[in-house]
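Novice: Let me give you the structure first, and then I'll get to my questions.
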Amino acid sequence: MIDHGRLSRLAALGAAAAIALSACSSGGSSPAATGAAPTTGTSPAASTAASTAPCGTVNIAVNPWVGYEANAAVVSYVLKNTLGCNVVLKNIDEQTSWQGFPTGEVDAILENWGHEDLVAKYITTDKVAQDAGKTGNEGVIGWFIPKFFADANPDILTAKTNPTVLNKYAAQFKTSESGDKGQLLDGDPSFVTNDQGMINGFGLNYKVVYSGSEAASNKAIQSAIDQKKPILAYYYTPNWFSSKVDLVHIEFPAWTQGCDKDPNNIKCDYPPYHLNKVVSTKFATSGSPAFTVISKFSWTNEDQDLVAAYITDQGMSDANAAKKWLDANPGKWKAWLP
Amino acid sequence: MAAPSVGMLRRPELRLSTGAQLGLLVVVVAVLFVPFRGTWNLAHHDDASLFKALNGIRDWVDANRTINPVFLYIFGPIRSGIDALSEALTFVFDHLSWVAVMSIATALGLALVSWRTALLVAGSLAFIGLFGLWTEMIQTLVLISTAVALSLAIGIPLGIAAGRNDRFLRLASPILDFMQIMPAFAYLAPLTLIFLIGPPSAVIATLIYAIPPAVRITALGIRGVPSETVEAATSLGSSDAQILRKVQLPMARRTIGLAVNQTIMMALSIIVIAALINAPGLGESILVAIEKLKVGAAVEAGIAIVLLATVLDRVTAGLSGSPADEHRLRRFDPAARRRVLLVAGALVVGGLLGGLILHAGTDFPSAWHVSIAKPVDQATRWIEINLNPVTDAAKNIVSKYLLDPLQTVLETSPFWLTIAGIGGLAYIVSGRRATVAVVISLAVIVLLQVWEHAMQTLTMVLVGVALTMLIGIVLGVAAARNRIVSAILRPINDAAQTLPAFVYLVPAVALFGPTRFTAIVAAVIYAVPAVVRLVEDGVRAVSATVIEASTSAGTSRLQMILKVQLPMARRSLLVAANQGVVLVLAVVVIGGLVGGGALGFDVVAGFSQRNFFGRGMAAAIGIVLLGVVLDRITQGAGGRRSVGSVARRIVFGAASNRPTAM
């Protein structure tokens, strides 16, 4: 038997060196480096790697938010250019991604927000998927209001000890869609939400109104801030848009194990989310070096926000944004290599 | 509850008996509504028993997909077959440089239509390239070609059968209706369940939408062959097959060309929705741009879609040969025709060689890049910030005085009274058969446990259709009476009909918030062009003699419009209302993505959240049934069941640049 492992490690090392070199020679953040086609610095090494490394094809789901896209950009760049993997990115939502595990359509999800029901079905019962470790990103889900509104009405932030304080403001959050109640704007129906349960549990005079998509929520929040109108919204960080809108998190009594057991009656805030990666069992046991990279992949909220900002504000392609961050943080990504 | 809908659908000229019947219906419904309001309301539950049962079906499919023979030997091969076809096309395009693609397309425009079309083709493609969307356009082209090839392969034989066999046509008609009324959005979830995510599912989604016009128009073409001709051929001893091959098909050739054209337009109209299940191309560019709130980038991709539609429409219009084109072709003597073909051939060869010599890649050179994204973004932001106070107020007024009261009536009316009222309306305007269909559809909506949300969606559709008709009639009459208005409106109409609604959803949210009204605005923008067109044609068709007679009798301009032109164009108005209803419904559902709620949101939820699959399925079927109800009532009012039902569908949702095929 030929030692494929060592061979691929060698190839990977070569490619990694090439990346590092290109990073040095191009001076990191010079326009030439960022503007260049994504593979220029590494193409020779990458092509050698492609012919020898047993990486093969990796199907990565890309869920519809920019933070996720940042994860996918960086991971796929490393996989392509150091391991010579053929990375196939699939733009699909969370539920559809999990559905892809048993069929082989999806090998990896790079940012998973809880989803206990899916974990129970696909990991615990069907055993077609498994946890691949934390991404290092800490997710916060909760109710947010514009900062100007919090400044003008500071007692709304006492909801941590006195949730019913929100009822005082219900009339101000009323819209054409919420009848005579205050409106709580929820987003994409596939995102995790306890909001109706919290409204019931805390006895709040609010109605959940779904915007139907993240884009619609973001736009509605931006527009409310433009017009200096109050808005109460389900929101979360890390989130590429959070740097553009000045929002304040309304905290409720802290989450404790089991406090959100009855979905119709919840008397606590959302739990903190330690975002993780999920891969198909088939992929995890395939011996692919890509699995190692994906399971070792880990970075901070700031890292993700930075790459997300490259993609959105600076209009960079995913590959260029990834390259810019990788060039600047060689220490971080080298730790992910097999 | 029937009052608003009756008012909306009322014929301009009612015979007394019908009017009395409607009046009686309103009185009876109102009398029953007062004591019973608030009772027998079927409140919505997210976990209705039927939704759970449907979830069970989903779980079964998930568990058996890899072992069940139906999946292994039927769905699996269909999926791989479609995949292979699109891979083959991708392979072809992967080996054609952009120079070659451009010259072949231009040559086609020249050979099939005219010099002017050839220039239009070249210019449009160049623009798409300059926007940096060449690769995406090719991906879209592959998807469309695959879907259209399959649609025609299935649709034309079925259309021939429907053209030659009355019973087959009767059997196929409701199924085709169903396929066209059902918003594509609604069948994505079941499709991905069976065919998984990716291009094959997207192609099948497109097929469902694109096959009906292929069948219908082909049947229309075959039926359009005069029966005397067929009889003559029969008496001369021609066999059935000979009649088809030698008489019916050649004589229907032009109409079948129109079928090709309309099938392509249909396929193009759902590429953004197809992108929701991972179909690559321009549709995906729009979704990605919207997700980042980049309106400018979405507009660029939207314009690319409009340009691609224009190119495909103009080139395939050559196949159907509208009168103008025929005129153009007739001008050519055979020698000139040969010269044109020679030039076209030279263009193809030149393009292929030129691509090789210039080492042109498959992608348009990125150095030649033009972007309008920034100014569009800035302009949109300016509009969003400065117009919001006005638009927000408009939204609040319509919501408070139109949407809310109507919704309250529909929600608090006992379900049996609502069914009886709508059924009664159907009976009066459309007759017994339509009534049966309407009542059964409403009863099934009850059984689906989506009644409350169906009433909310119905509210939005009714308000949307009312606004659409109002705007459509005003613009249509203006265009019919004034050549300049018509000339200005036509390109705007073309663009509004082809530009995917998704492009303007984001600014609409900024102006109107995530609300029901936003969904209605998007639907109105989408539906108005078809209505304008039908009204314009209808009013134009009023004979000049009538107009002259009225003018000489001293009729004022307003009187002319209200008393002469509109009443005489009644049939066109009713067809327009029917079109409007179906188009508005299709987009109101997408409104679920921007705060529209109701059935559309249930479908969105069902598509993206596993636990809501059953709810989404039930809502999807509910939407179709609602479509059947609205369609049957307005179709009956239009009073053209046979030929009309075939012909009126032709313009449905289509991006045809010719006035209409009616």
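No lab work stands behind these numbers, since they all come straight from the coordinates. On a predicted model such as this, the values are computed, not experimentally measured, just so you know. Please note: Cβ atoms are built from the backbone with ideal geometry, for glycine as well, and neighbour counts cover all protein chains shown.
Novice: Could you calculate the FRET efficiency of B:Asp404 with A:Val208 from 1/(1 + (r/R0)^6), where r is the beta carbon distance between them and R0 is 25 Å, rounded to 0.05? List each step's numbers first, then the result.
Specialist: On the way: r = 18 Å, r/R0 = 0.73.
After rounding to 0.05, the efficiency reads 0.85.
Novice: Please rank A:Cys268, A:Cys55, fewest neighbouring Cβ atoms within 10 Å first, as an exposure proxy.
Specialist: Values: A:Cys268 19, A:Cys55 25.
Ranking A:Cys268, A:Cys55 by Cβ neighbours within 10 Å, fewest first, gives A:Cys268, A:Cys55.
Novice: So which chymotrypsin sites (Phe, Trp or Tyr not before Pro) in segment A:224-315 pass both tests, a DSSP loop state and at most 15 other Cβ atoms within 10 Å of the Cβ?
Specialist: Numbers: sites: A:Tyr234, A:Tyr235, A:Tyr236, A:Trp240, A:Phe241, A:Trp255, A:Tyr273, A:Phe283, A:Phe291, A:Phe297, A:Trp299, A:Tyr310; in loops: A:Trp240, A:Phe241, A:Trp255, A:Phe297, A:Trp299.
In loop regions of segment A:224-315 (DSSP not H, G, I, E or B), the sparsely surrounded chymotrypsin sites (Phe, Trp or Tyr not before Pro) are A:Trp255.
Novice: Would you mind pulling out the separation of the Cα centroids of segment B:122-150 and segment B:210-264, in Å?
Specialist: 31
Novice: Applying a 10 Å radius around every beta-carbon, put B:183-195, B:84-96, B:597-609 in order of their mean neighbour count, most first.
Specialist: Values: B:183-195: 21.9, B:84-96: 14.8, B:597-609: 27.8.
Result, highest mean first: B:597-609, B:183-195, B:84-96.
Novice: Express as a percent, rounded to the nearest 5, the fraction of DSSP beta bridges in the protein assembly as shown (both residues included) that run antiparallel. Write down the numbers at each step before the final one.
Specialist: Details: 18 of 32 bridges.
Taking every DSSP beta bridge within the protein assembly as shown, about 55 percent pair in antiparallel fashion.
Novice: Once every Cα of segment A:139-273 carries one equal point scatterer and solvent is ignored, give the base-10 log of I(q)/I(0) from the Debye formula at q = 0.10, 0.11, 0.13 Å⁻¹, two decimals.
Specialist: So the normalised log intensities are -0.28, -0.34, -0.49.
Novice: Among the listed pairs A:Lys80/B:Lys294; B:Lys294/B:Lys395; A:Lys147/B:Lys400; A:Lys282/B:Lys292; A:Lys228/B:Lys374; A:Lys207/A:Lys277, give every one whose C-alpha distance is greater than 31 Å. Could the numbers behind the result be given before it?
Specialist: On the way: A:Lys80/B:Lys294 28 Å; B:Lys294/B:Lys395 24 Å; A:Lys147/B:Lys400 29 Å; A:Lys282/B:Lys292 33 Å; A:Lys228/B:Lys374 25 Å; A:Lys207/A:Lys277 33 Å.
Long pairs (Cα-Cα over 31 Å): A:Lys282/B:Lys292; A:Lys207/A:Lys277.
Novice: So what's segment B:348-435 giving for Cα Rg divided by 2.2 N^0.38 Å, two decimals? Before the final figure, lay out the partial values.
Specialist: Values: Rg = 28.7 Å, N = 88, 2.2 N^0.38 = 12.1 Å.
So segment B:348-435 has a normalised radius of gyration of 2.38.
Novice: Let me ask you something else. In what sequence, highest mean first, do B:537-550, B:510-523 appear when ranked by Cβ atoms within 10 angstrom? Write out the running numbers ahead of the final one.
Specialist: Details: B:537-550: 14.9, B:510-523: 29.4.
Put in order of decreasing packing, that is B:510-523, B:537-550.
Novice: Hey, can you grab everything whose amide H is under 5 Å from the amide H of A:Val88? Only 5+ residues off in sequence or another chain; H modelled, so Pro and N-termini drop out.
Specialist: Answer set, sorted by chain and number: A:Val58, A:Asn59, A:Ile60.
Novice: Using only the Cα atoms of segment A:199-338, build the gyration tensor, take square roots of its eigenvalues as a ≥ b ≥ c, and label the shape rounded, prolate or oblate: rounded if a/c is under 1.5, else prolate if a/b is larger than b/c, else oblate.
Specialist: Note, shape of segment A:199-338 comes out oblate.
Novice: If you average the C-alpha positions of segment B:567-635 and of segment A:193-230 separately, how far apart do those two centres end up, in angstrom?
Specialist: 25
Novice: While we're looking at this one, here's another question. Order of A:Val248, A:Val278 from fewest to most other C-beta atoms within 10 Å? Present the calculation step by step, with values, prior to reporting the outcome.
Specialist: Details: A:Val248 17, A:Val278 26.
The most exposed by this proxy come first: A:Val248, A:Val278.
Novice: When the Karplus curve 6.51 cos²θ - 1.76 cosθ + 1.60 is applied with θ = phi - 60°, which whole-Hz ³J(HN,Hα) does each residue of segment B:276-287 get, with x for Gly and Pro?
Specialist: For segment B:276-287, the Karplus curve yields 5, 10, 6, 7, x, x, 4, x, 5, 4, 5, 4 Hz.
Novice: Here's a follow-up. Please go through segment A:190-299 and write out the trypsin sites (Lys or Arg not before Pro) that DSSP classes as loop and that have at most 12 other C-beta atoms within 10 Å.
Specialist: Working: sites: A:Lys207, A:Lys219, A:Lys228, A:Lys244, A:Lys261, A:Lys267, A:Lys277, A:Lys282, A:Lys296; in loops: A:Lys228, A:Lys244, A:Lys261, A:Lys267.
Here the sparse-neighbourhood loop sites are A:Lys228, A:Lys261.
Novice: Sticking with this structure for a sec: Per-residue counts of other Cβ atoms within 10 Å, averaged by peptide: what ranking do you get for B:33-40, A:178-185, highest first?
Specialist: A:178-185, B:33-40
Novice: Just checking the output field for A:89-97: average partner chain Cβ neighbours within 10 Å of each residue's Cβ? Let's see the in-between values first.
Specialist: Details: counts 1, 3, 11, 7, 6, 3, 9, 11, 1.
Per residue, the number of nearby Cβ atoms from other chains is 6 on average.
Novice: Any chance you could check the Cα centroid distance between segment B:414-438 and segment B:67-91 for me, in angstrom?
Specialist: 44
Novice: Check A:Trp255: other-chain or 5+ apart residues with amide H under 5 Å from its amide H, H built from backbone geometry?
Specialist: Residues meeting the amide H criterion: A:Asp269.
Novice: Averaged over A:307-313, how many beta carbons belonging to a partner chain fall within 10 Å of each residue's beta carbon?
Specialist: Details: counts 0, 1, 0, 0, 1, 4, 1.
Mean shielding by partner chains, rounded to a whole number: 1.
Novice: Tell me which residues come under 5 Å, amide H to amide H, from A:Lys207 once H is placed; ignore anything under 5 positions away on its chain.
Specialist: Residues meeting the criterion, in which the H sits 1.01 Å from N, are A:Gly182, A:Gln183, A:Leu184.
Novice: Can you list the aspartates and glutamates whose alpha carbon is less than 12 Å from that of A:Lys134, not counting same-chain residues fewer than 8 positions off?
Specialist: By straight Cα distance, A:Lys134 reaches A:Glu111.
Novice: Further question on the same structure: Find the Cα radius of gyration of segment B:159-275, compare it with 2.2 N^0.38 Å by division, and give the number to two decimals.
Specialist: Values: Rg = 17.3 Å, N = 117, 2.2 N^0.38 = 13.4 Å.
So segment B:159-275 has a normalised radius of gyration of 1.29.
Novice: Report, ordered by chain and residue number, the aspartates and glutamates lying within cross-link reach of A:Lys160, taken as a straight Cα distance under 15 Å and ignoring same-chain residues fewer than 8 apart.
Specialist: A:Glu251, A:Asp269
Novice: Tell me, what HN-Hα J-couplings in whole Hz come from the Karplus equation 6.51 cos²θ - 1.76 cosθ + 1.60 at θ = phi - 60° for each residue of segment B:437-446, using x for Gly and Pro?
Specialist: Karplus values, whole Hz, x for Gly and Pro: 4, 5, 5, 4, 4, 5, 4, 5, 4, 4.
Novice: Cα gyration tensor of chain B, axes a ≥ b ≥ c as square roots of the eigenvalues: rounded (a/c below 1.5), prolate (a/b > b/c) or oblate? Present the calculation step by step, with values, prior to reporting the outcome.
Specialist: Details: a/c = 1.41, a/b = 1.24, b/c = 1.14.
The shape class here is rounded.
Novice: Three principal axis extents, largest first, for the C-alpha atoms of segment B:17-85, in Å?
Specialist: For segment B:17-85, the Cα spread along each principal axis is 61, 34, 17 Å.
Novice: Relative contact order of chain B: what whole-number percent is it, with Cα pairs under 8 angstrom and at least 6 residues apart? Write out the running numbers ahead of the final one.
Specialist: Values: 989 pairs, mean separation 143.9, N = 662.
For chain B, the relative contact order is 22 percent.
Novice: Let me ask you something else. Would you calculate the volume per residue, in Å³, of the smallest convex hull containing every Cα atom of the protein assembly as shown?
Specialist: Details: hull volume 198.7 nm³, N = 1000.
It comes to 199 Å³ per residue, whole-number rounded.
Novice: While we're on this one: Over the whole of A:100-106, what's the average partner chain Cβ count within 10 Å per residue? Rounded to a whole number, please. Walk me through the intermediate numbers first.
Specialist: Values: counts 4, 0, 4, 5, 2, 5, 1.
That works out to 3 on average.
Novice: Return an integer: the convex hull volume of the alpha-carbon atoms of segment A:82-203, in Å³ per residue. Mind showing how you got there, number by number?
Specialist: Values: hull volume 23.0 nm³, N = 122.
Measuring per residue, one finds 189 Å³ for the Cα hull of segment A:82-203.
Novice: From the backbone phi of segment B:202-215, what are the Karplus-calculated ³J(HN,Hα) couplings (6.51 cos²θ - 1.76 cosθ + 1.60, θ = phi - 60°) in whole Hz, Gly and Pro given as x?
Specialist: 5, 5, 5, 4, 5, 4, 4, 7, 9, 5, x, x, 4, 5
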